[in-house]
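Working notes for the structure below.
The values are calculated or read from the model by the stated rules, or taken from the named source; none is laboratory data. Just so you know, these numbers come straight off a predicted model, no measurement behind them. Note: ideal-geometry Cβ built from the backbone for every residue, glycine included; neighbour counts use all protein chains shown.
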Amino acid sequence: MNTEKNKMHLPLAVQLLLPVLVTLLCGGIVLLCAIRPYELGKTYLRVGFMDGSGTVSQGGTAGLNIVETDIDTNYSGETSPEGEVIIPAYGSQCAVLESEAIDLYVPVYWGGGSELLEQGACHTPASAALGSEGNSVISAHVNTFFHDLNQLEVGDTVTAYTTYGKFTYEVSERIEFDASNKSYLKKTEDDRLTLYTCEMQLLGSSSKRVGVVCKLTDKAFFQTGEGGTP
């Protein structure tokens, strides 16, 4: 009785808006719970890569074999600006991507699809392999591994580590394009790295893509003995 009486004393506008506000609040809580915790994932990656446990293979659906590779991000041996580029098997980790400017540290897999995007970033096989001539294209989900990609600025450094070398890039351009626009993903005459992700949306998905184009500034192929790759 008291509840009904108190409700009658509420202004009509409040009575009408209250159910809407409660619905929006509940929807926001559900949305936040659905988004994968980015910071937790980033912490897990840093711990995982501190364990040089070698190569680990794990099964995927539809016959996809996901392989995690031990990549040395602290190589201190001899390097050369020339060397052999190694094309990995589809589903294998091919690199570690790092940028101190946005605290980025993410594994990169050769291939694409939802399963690999759950593990890290994906290197488009149709693009140039890291260290080779042309445009190397890498993408990842905005709500996980490329959460802060849009914070990269012109002049920031991005480093790609592979099993055969370390490649350093400098951000030369921030880009925005529609998903149907493939111009930034095509082959190029210059050596570059293109990183992109979806535009962040709280509700639904966006057809807009955001990212950066980076120019190659240094090639350092790992050397062993008489110039062979490790």
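The lone criterion from (1) in contact with an Asp or Glu (Cβ under 9 Å, 6 or more places away or on another chain); (2) closer than 27 Å to GLY77 by Cα; (3) free of Cβ contacts under 8 Å to residues at least 40 places away in the same chain left unmet by ARG174 is number (2).
Find the residue count for the range 209-230, including only residues that are outside any loop (DSSP other than H, G, I, E, B) and at pLDDT 90 or above. Please lay out each step first, then the result.
Kept after step one, since they are outside any loop (DSSP other than H, G, I, E, B), are these residues of the range 209-230: 209-222, 224, 228.
Keeping just the survivors that are at pLDDT 90 or above gives 209-222.
Summing the residues that are outside any loop (DSSP other than H, G, I, E, B) and at pLDDT 90 or above in the range 209-230 gives 14.
Selection over the range 129-146 of residues that are over 8 Å from the mean Cα position of the chain (by Cα), surrounded by 18 or more Cβ atoms within 10 Å (Cβ to Cβ) and more than 22 Å from ASN74 (Cα to Cα) gives a count of 3. Scanning the range 80-96 turns up one or more residues that are farther than 25 Å from VAL137 by Cβ and at pLDDT 50 or above.
When TYR90, TYR109 are checked against the criterion of being farther than 20 Å from THR188 by Cβ, surrounded by 22 or more Cβ atoms within 10 Å (Cβ to Cβ) and not hydrophobic (A, V, I, L, M, F, W, C), a single residue qualifies: TYR109.
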